[in-house]
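Notes for the one structure printed next.
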Amino acid sequence: MVTINLWNPQDVDVISALIIAYLLGILHGVTPDEHTWPITFSYSVGTFSSKGGAKTGLIFSSGFTLQRSILSELAYLALAGVFMTTLAFGLTYIVVGIAMVGAGIYIARKGSYLHWHFLERKLGEATGIHRKGSELQEEELSHRINPAYVDESDLVRPVPTKLAFIHGFIAGFGFGAFALIIYTVLAPSMPNAFLGWVPVHSLG
């Protein structure tokens, strides 16, 4: 029997899980949020054409979907039982709380937040946005200049498509209500490990 409950799905069968994932995907796609809409919009505008915008949006989504598929498969294999225990939630809140307290103390004493730019530096070089050892990049990373107003000629360069894929893959690690429903309910409801990734593709 097909049972559709988007907000509190429980004990769903395979067909119900796929329908729920699809409907959640539509809901997520039309709901303005603080991460996917600004990211995909920026990439689309950065290509300066509707065709290029569609292409980078598709590439970004493919990286995002790949990463979510991997986590969905892991959720089927092992993580669902961990996610749904009170011990896991309790430990998560404790670790996050300690990190937030530590960050607050650091900011209060130093007047700035602690951050590193190793990954940004490597991605900038790998995607061709900056050359290795670029002084301009170092000034951007140290927040001494705004990259949007450095050189007007740079503003008309298309966004590298491989950067969109990498960005999409990294963005997939973000957790929200939709991801938790997939990882804790829909993925574990698949009949075998070969289909553990399917709810993510229904969502997309």
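The values are calculated or read from the model by the stated rules, or taken from the named source; none is laboratory data. As the structure is a computational prediction, the values presented were derived from the model and not from experiment. Methodologically, a virtual Cβ is constructed for each residue, glycine included, from the backbone with ideal geometry; neighbour enumeration extends over all protein chains shown. Ligands, DNA and RNA are excluded from the accessible area calculation, which covers all protein heavy atoms including side chains. Shrake-Rupley method; radii C 1.70, N 1.55, O 1.52, S 1.80 Å.
See the values below:
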item	result
Residues of segment 155-176 satisfying the condition of being open to solvent by 60 Å² or more (accessible area, probe 1.4 Å) and either modelled with pLDDT under 75 or in a loop (DSSP other than H, G, I, E, B) (or both)	LEU155, VAL156, ARG157, PRO158, PHE173, PHE175
Candidate set: segment 31-59, residues that are among the aliphatic types (A, V, I, L, M) and modelled with pLDDT under 75; chosen: the one least open to solvent (accessible area, probe 1.4 Å)	ILE39
Of all residues in segment 3-30 being of a type in the set (Ser, Thr, Tyr) and open to solvent by 60 Å² or more (accessible area, probe 1.4 Å), the one that is modelled with the lowest pLDDT	THR3
Selection status of ARG131, at pLDDT 75 or above, in contact with an Asp or Glu (Cβ under 9 Å, 6 or more places away or on another chain) and buried (at least 16 other Cβ atoms within 10 Å of the Cβ)	no
